[in-house]
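The values are calculated or read from the model by the stated rules, or taken from the named source; none is laboratory data. None of these values were measured; they are calculated from a predicted model. Quick reminder, even Gly has a Cβ in these numbers, built from the backbone with ideal geometry, and neighbours come from all protein chains shown.
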Amino acid sequence: MNSVHLTAIAVAALLSENFILVSCMGIGTKLEAFRAPREARRTGFSVLLTMVLTVFLSWLADNMILRHYGWEHLRLMTFTLISLGSVALLRLSFHTFLPGMAHRLDDSLSSMSTNCSALGAALLSSIRGYELDQALAFALFGGLGVMICLLCF
C-alpha cells in the first residue's frame with residue numbers, strides 16, 4: 001500500500017468519519033472531558049491509546065486466528081474482549097512503568113472500558129479488510145479526531 005492510500009485513510013478517519021461527530025460513537029462515560037481542557041486531553045489521549053492498541057490486537061486476532069479457522073462469526077465477541085483487555089493492559093503498563101502518569105490517567109482509562117470508538121475502529125478495520133498499516137493509520141487518526149472533538153467542545 002502506498003502513502004497516498006494511507007493519507008486518504010488518515011484524512012477520512014480524521015475528518016469525514018469522525019467517530020464522535022459522524023459515526024455517533026461515544027467516548028465512554030467521562031462527562032468531565034467536555035468541561036475541562038485538562039480532562040479533555042487526558043480522555044483524548046486515553047481514547048487514542050486504546051483505539052490503536054485495540055485495533056492492533058484485533059487485527060492480529062482477525063487475520064491470524066479468526067479468518068484462518070473460519071470463525072468470523074466470533075469477531076464481535078473477540079474484539080469486545082480485546083478492547084477490554086487493551087484497557088486493562090494499558091492500566092497495568094502505566095501503573096508498572098509510569099506510576100505518576102498512571103495516577104493522572106487512571107480515571108480516563110477506566111472510562112475507556114465502555115468506549116465505542118475503540119471497538120468501532122476495530123470492527124470497521126476488519127470489515128473493510130485493511131492491512132495492518134492501514135488499520136493503524138485509521139485508529140491513530142480516528143483517535144486524533146476524537147481528541148480534537150474533545151478539545152473543541
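Odds and ends about this structure:
- The listed residues are Ala137, Ala102, and the only one of them that is in a helix (DSSP H, G or I), buried (at least 19 other Cβ atoms within 10 Å of the Cβ) and not acidic (Asp, Glu) turns out to be Ala137.
- For Leu76: the one exception among (1) touching a Leu at 6+ places or on another chain (Cβ under 8 Å); (2) surrounded by 15 or more Cβ atoms within 10 Å (Cβ to Cβ); (3) at pLDDT 85 or above: (2)
- In the set (1) without any contact (Cβ under 8 Å) to a residue 60 or more places away in the chain; (2) within 12 Å of the chain's Cα centre (by Cα), Ser117 fails one condition alone, (1).
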